[in-house]
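Visitor: Pasting a structure here, questions to come.
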Amino acid sequence: MSITLAGRVAIVTGAGGGLGRSHALALARYGARVVVNDLASAACEAVAHEIRAAGGEAIPWTCSVTDREGVFAMVEGVVQRWGGVDILVNNAGILRDRTFAKMDLDDFALVLDVHLMGSVNLTKAAWPHMRDKGYGRVIFTTSSSGLYGNFGQSNYGAAKMALVGLMQTLALEGEKSGIHVNCLAPSAATQMTEGLYSEEDLRGLSTDLVSPGVVALASENAPTRTILLAGAGAFEQAHVTMTQGIYVGDAPDAADRIEARWADIRDRASEVVPPSGAAQYSHEVNHPFR
Ligand SMILES: NC(=O)c1ccc[n+]([C@@H]2O[C@H](COP(=O)([O-])OP(=O)(O)OC[C@H]3O[C@@H](n4cnc5c(N)ncnc54)[C@H](O)[C@@H]3O)[C@@H](O)[C@H]2O)c1
């Protein structure tokens, strides 16, 4: 094992079970001191105990990621106790699945609150400490439901894609402070996927086969602005790309030309991954087909 997280402090939210537990155990195995956060104290304590029993260092910390004051208090408590915070694994999550037509807006807001604002709360609390130190590794947990859509998960998909947007900008803002920010889109059989997919589909999707991706994203050599897909021991990357497109300028029949040339607009032959949002208007005002 050439990666070491010795001397690093990690906070993993939703670590009382499922993927978060696996991530916490894996980070500890690589030497990180781990804060095991979740809603229920028994679950946090059990995972912290498991880590200590394996020779690692861990403390349980019970609070909801939606409790802004509680999350700030957790970060301050951890900084006081261990001198800083280096790694955040924003993993806590819930589902409230229904088709959009039948969805209660309170359930829409709740899902956004846990996934998006929960991640914002923790990252905002830790950000100044990471900036002062000139080092940080932040991981947001996105999902294929956000990246590609999933029937019945408009709230969850919107929240998960919002985290990609958050990652894109925080990666740019964190760069000069040595803070690398990435997304993980896992596939794993957990209480969350139980009943959602068939047993057949979930075979081989152990949470332990995802966590090496978290360790790599938490390490010194981690990339930044990457969307890492992980499941069943396989790892892929998703990209948000821009095609070359077409130029119609101010032609009076511009809309008709667009309609006639969808194939050219979506042609992926020379697509790029823009380094930031500014690339869009820069490409447009200097369009190669002008
Ligand atoms: N399992 C998958 O295939 C899959 C796929 C894509 C994304 N994800 C994401 O991975 C993450 C982990 O999911 P999982 O499959 O392990 O689910 P899980 O339900 O097993 O674990 C989620 C954990 O988050 C905790 N949690 C929920 N709300 C919380 C809150 N407000 N504050 C603190 N903790 C809270 C839960 O108590 C639970 O322990 C989630 O963000 C989920 O959306 C999972």
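The values are calculated or read from the model by the stated rules, or taken from the named source; none is laboratory data. This structure is a prediction, so every number in the text was calculated from the model and none was measured. With ideal geometry, Cβ positions are generated from the backbone for all residues, glycine too; neighbour counts draw on all protein chains shown.
Visitor: Please verify whether segment 235-255 includes one or more residues that are surrounded by 12 or more Cβ atoms within 10 Å (Cβ to Cβ), over 30 Å from VAL285 (Cβ atoms), at pLDDT 95 or above and not β-branched (Val, Ile, Thr).
Guide: Checked segment 235-255: at least one residue is surrounded by 12 or more Cβ atoms within 10 Å (Cβ to Cβ), over 30 Å from VAL285 (Cβ atoms), at pLDDT 95 or above and not β-branched (Val, Ile, Thr).
Visitor: Moving to a separate point now. What strands (runs of 3 or more DSSP E), lying completely within segment 121-239, carry at least 1 residues that are among the acidic types (Asp, Glu), touching a Pro at 6+ places or on another chain (Cβ under 8 Å) and not assigned by TED's automatic domain parsing to the domain that holds VAL273?
Guide: Hits in segment 121-239: none.
Visitor: Please go through segment 278-290 and give me each residue that is surrounded by fewer than 12 Cβ atoms within 10 Å (Cβ to Cβ) and either modelled with pLDDT under 95 or not in a helix (DSSP H, G or I) (or both), ordered by number.
Guide: ASN286, PRO288, PHE289, ARG290
Visitor: Could you list, in sequence order, all residues of segment 158-171 that are surrounded by fewer than 22 Cβ atoms within 10 Å (Cβ to Cβ) and in contact with a Leu (Cβ under 9 Å, 6 or more places away or on another chain)?
Guide: ALA158, MET161, ALA162, VAL164, LEU166 - these are the residues of segment 158-171 that are surrounded by fewer than 22 Cβ atoms within 10 Å (Cβ to Cβ) and in contact with a Leu (Cβ under 9 Å, 6 or more places away or on another chain).
Visitor: Let me ask you something else. Look through ARG261, ARG225, ARG266 and report the one residue that is more than 17 Å from LEU147 (Cβ to Cβ), of a type outside the set (A, V, I, L, M, F, W, C) and surrounded by 14 or more Cβ atoms within 10 Å (Cβ to Cβ).
Guide: None of the other options fit; the residue is ARG261.
Visitor: From the list THR169, THR207, exactly one residue is closer than 21 Å to LEU88 by Cβ and within 12 Å of the ligand (Cβ to nearest atom). Which is it?
Guide: THR207
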